[in-house]
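Structure first, then comments.
Read-outs: derived from the displayed coordinates by stated rules, not from any lab. These figures come from a predicted structure and were not determined experimentally. Cβ placement follows ideal geometry from the backbone for every residue including glycine, while neighbour counts extend to all protein chains displayed.
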Ligand SMILES: Cc1cc2nc3c(=O)[nH]c(=O)nc-3n(C[C@H](O)[C@H](O)[C@H](O)COP(=O)(O)OP(=O)(O)OC[C@H]3O[C@@H](n4cnc5c(N)ncnc54)[C@H](O)[C@@H]3O)c2cc1C
């Protein structure tokens, strides 16, 4: 019987993944997904969606590897299934290249992607400004397809959806036994978290169907990610910048830097420009606390602050959040229901 009412706040890739995980794995929970914006209007929708991650400073590497591995395995299974075209998940091979040989030549996820190896001198010859490179196969998850697909999966598991803006987490209403907060940058207000700051990113979609491989400069600022219908090129990482409109200087800079890496882009038609604000935080927040809701103390599970790696880590952190929900059910709720 579904006797625990759970509200998941936020319908970006983190919120929808978490709502699906709770609805599918905890049969006692009736889940309602509440958000102001749904696909295609979330930050997640515009992300390039390449599975890749930088290290967060204070989260144990074992935990970060668990998040990455779980997401990779989940999306790999989709990419290799008949759902791949509808869900917008594909495999993507290419290169990460460095102007100087990095101190750490293997990222923490090197053995979790497919076929990770150091590039040969022969392969590096086409990038004359770069001295070192890594070749591997990862995944690309296009949220404009993936989020509607996941939302259908959520409804099939009995989930309900409500579109509304909250001024505080208390606004979910008194009828819920547990709240999961996946509001991304919105947590600055909803959780009063002053650590949250926007990291502005601008990207362009270009038409270049001849490009098959991703190319990413190790400094994280310049990248070329071929996708299903177009190629995403970028980018910018501007901390504390709230502007959502195109910056023409950024556009020129992106075109120039990407053409330097891949000269054939000079022939590519620019289709569109998109700006999004990454939910920046020193580390993602996966944590439980308490909320006063309708005269009761109710557990809140936070799952936000994924910065530039929300698509990559969404499924892994959703499973982590489900563990925290399960713990709350065991410790606090079951006896009171
Ligand atoms: C240019 C760019 C490129 C990127 N490329 C990649 C990439 O290649 N790989 C990768 O892994 N990541 C990438 N990212 C990062 C990724 O987009 C984010 O980490 C991810 O989208 C965060 O997801 P989220 O669900 O936490 O937040 P969001 O997608 O922002 O969703 C937040 C949700 O909370 C809701 N919400 C917020 N406040 C309220 C409120 N007050 N009331 C009701 N609802 C509220 C919103 O309406 C929305 O539904 C990129 C980001 C940018 C900007």
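Observations, loosely collected:
- In terms of surrounding Cβ atoms within a 10 Å radius of their Cβ, 269, 140 rank from fewest to most as 269, 140.
- Shape of segment 124-199, Cα gyration tensor, a/c cut at 1.5: oblate
- Mean-square fluctuations from a GNM of the chain, with a 10 angstrom spring cutoff on Cα atoms, peak among 282, 152, 296 at 296.
- Counted by neighbouring Cβ atoms within 10 Å, the residues 89, 113 run from fewest to most as 113, 89.
- Value of relative contact order over segment 1-134, rounded to a whole percent, pairs C-alpha under 8 Å and six or more apart: 18 percent
- Estimated inter-spin distance, residue 273 and residue 195, nm [label 7 Å along Cα→Cβ]: 3.4 nm
- When the chain is treated as a Gaussian network with alpha carbon springs shorter than 10 Å, the biggest mean-square fluctuation among 233, 97, 61 belongs to 61.
- Sum of -39500 (n - 2.57) over DSSP H runs of 4+, divided by residues of the chain (222 nm, nearest 500): -8500 deg cm²/dmol
- As a proxy for reagent exposure, 298, 194, 22, 270 were ordered by neighbouring Cβ count within 10 angstrom, fewest first; the result is 194, 270, 298, 22.
- In degrees, nearest ten, helix 13-25 long axis to first principal axis of the chain (Cα): 50 degrees
- A simple spin-label model places pseudo-atoms 7 Å from Cα toward Cβ; at residue 131 and residue 289 they are separated by 4.5 nm.
- Two-decimal ratio, segment 1-137, of alpha-carbon radius of gyration to 2.2 N^0.38 Å: 1.33
- Comparing mean-square fluctuations of 46, 295, 88 from a GNM of the chain with C-alpha springs under 10 Å, the top value falls on 295.
- Across segment 216-292, the mean sequence separation of Cα contacts (distance under 8 Å, 6 or more residues apart), normalised by length, yields a relative contact order of 23 percent.
- Note: relative contact order over the chain, using C-alpha pairs below 8 Å and six or more positions apart, is 25 percent.
- Convex hull (Cα only) mean projected area of the chain, reported in nm² to one decimal: 17.0 nm²
- Of all DSSP bridge pairs formed entirely within the chain, close to 70 percent run antiparallel.
- Separation of alpha-carbon centers, segment 125-159 and segment 61-98, rounded to whole Å: 6 Å
- For a modelled paramagnetic label at residue 260, 7 Å from Cα along Cα-to-Cβ, the residues of segment 191-225 in reach, with backbone nitrogen under 15 Å, are 216-224.
- Extension gain, residue 106 back to residue 55 (0.36 nm per residue minus Cα-Cα distance, nm): 17.2 nm
- Here each label is just a point 7 Å from Cα along the line to Cβ, and for residue 123 and residue 221 those points are 2.5 nm apart.
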